[in-house]
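Have a look at the structure below before the remarks.
No value in this document is a laboratory result; all are computed from the given coordinates. Remember, it's a predicted structure, so these values are computed and weren't measured experimentally. Glycine also receives a Cβ, built like all others from the backbone with ideal geometry; neighbour counts cover every protein chain displayed.
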Amino acid sequence: MDLNSIYTELIMEHSQSGHNEKKLGQCTHCKRGHNPSCGDEITLELIIEEDMIKDAAFHGMGCAISKASTSMMIDLIKGKTKEEALSLVDTFIGMIKKDITDDEELEQLEDAMVLKNISNLPARVKCAVLAWHTLKESLQVSS
């Protein structure tokens, strides 16, 4: 199995598993994100206690890239401080913009690294970054 097949499989796994796609109910932070060019629409819910992201989930509609990126992001931010999560957002956006290319630095993104080459598909960039921008807006409003 080649690397592209593994990446495709990982994206499909995250987009279809639904393990982060739910409503939390007692969230402390809730932010809607919308991508008008594609129609992706998510609501990101967070439970933050003592500056730590205790839980996170999303619900809404989106393409496979949008859902996979959101799910990967949620897996990554659970248990992180708001500051750590914002740093991960900056790293992810930097990766997509090709401002950050150092694989060692990108390793902290874990599964989300598979979206590294999404910038080669300009129509999909907004899909990949929707959740990350939504997270950043949610955390900055609450800071």
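Within the shell of other residues whose beta carbon sits under 13 angstrom from the beta carbon of Met61, the net charge comes to -1, with Lys and Arg scored +1 and Asp and Glu -1.
In the set (i) 0.94; (ii) 1.49; (iii) 2.09, the label that goes with Rg/Rh (Cα atoms, Kirkwood Rh) computed for this structure is (i). For Ser138, neighbours were defined as the other residues whose beta-carbon sits under 13 Å from its Cβ, and their charges (Lys and Arg +1, Asp and Glu -1) total +2. Simple rule: put +1 on each Lys or Arg Cβ and -1 on each Asp or Glu Cβ in region 89-143, find the dipole, and look at Thr101, Gln140, Ala123; the Cα lying farthest toward the positive end is Ala123. Looking at the chain, the DSSP beta bridges with both ends there are about 95 percent antiparallel. Counting only lysines at least 8 places from Lys97 when in the same chain, those with an alpha carbon closer than 18 Å to its own are Lys116, Lys126, Lys136.
Taking other residues whose beta carbon is less than 14 angstrom from the beta carbon of Gly79, and scoring Lys, Arg as +1 and Asp, Glu as -1, yields -4.
Highest mean first, how do 73-80, 10-17, 99-106 rank when packing is the count of other Cβ atoms within 10 Å averaged over residues? Write down the numbers at each step before the final one.
On the way: 73-80: 19.6, 10-17: 16.9, 99-106: 11.2.
Highest-to-lowest ranking by the protection proxy: 73-80, 10-17, 99-106.
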